[in-house]
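The structure under discussion appears below in the form of structure tokens.
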Amino acid sequence: MTAPLTPPHQPPHDDPWQTPPAGGSPYPGAEAEKGPDMRTELRQAVVVMVAVAVLGVALGLLWLWLSPRVPLISDETAVFLKDTEGEEAIAADGTFMLLALAFGLISAVLVFVFRRRGGIPLVVGLALGGLLGAVVAWRVGIWFGPTSDVVAHARAVGKGVTFDAPLALNAKGGLLAWPIAAMVVHLALTALFGPRDPEPRWDDWGPAPYGPAPDDTAPGGQHRA
């Protein structure tokens, strides 16, 4: 008979079914691949949301600068559109949406570059920041644009003088252009260039639980003593 390979009071060190230590992972390298905890991700998401929302000031100023003006005229009794067939109001909405799409693209690329390993909180923060940024841009453009008191403006310029109508966003759905573009671009970048989970290596999981039994017989078929 052969002596036991392992003392009865000590478990084998290469037992593939033994319980991993507390807080550990049964797979080698899992701790190294572990990302930041939820509190860190939420903090990063808040920073992203605030930073993206601040960009709305730049979008509002660009909208004010690039969007066409709607000309008005007064005869001292009423205010009229100077060109009833003009498309300046539609062009103003289109300008806002195009700029919002561009800002969504830029913000998504910047967030992906500085925080390549994404996560649900980061994407939510990016989307909320884009929505807040669009609202900020809308209000900034109106605030710094022509006055909204059309009657007072008409009296100030006088009869028969053309003046600009207040800047307005008639298609409120344009406020969603920034967050939607940001989410789509960020998810696409993450899918194409984001970090990949390492492939499991079967040889790192320990010896196979089943295999050929150790050869306890001598060449002649006799048991070794």
* Could you sort 39-47, 171-179 so that the peptide with the highest average Cβ count within 10 Å comes first and the rest follow in order? => 171-179, 39-47
* Exposure rank, largest accessible area first [Phe112, Phe80; 1.4 Å] -> Phe80, Phe112
* Dipole-positive endmost among Leu62, Ala91, Ala108 within segment 52-112 (Cβ charges, Cα centre) -> Ala108
* **Charge context of Ala165, other residues only, Cβ under 9 angstrom, K/R +1, D/E -1** => -1
* Asked: Could you give the nm distance between label points at Glu88 and Ala171, where each point is 7 Å from its Cα heading toward the beta carbon?
  -> 1.9
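The values are calculated or read from the model by the stated rules, or taken from the named source; none is laboratory data. All values reported here derive from a predicted model rather than from experimental measurement. A quick note on method: Cβ atoms are made from the backbone with ideal geometry, for glycine too, and the neighbour counts reach across all protein chains shown. For the accessible areas, the whole protein counts, side chains as well, though only heavy atoms, and no ligand, DNA or RNA atoms are used. Shrake-Rupley method; radii C 1.70, N 1.55, O 1.52, S 1.80 Å.
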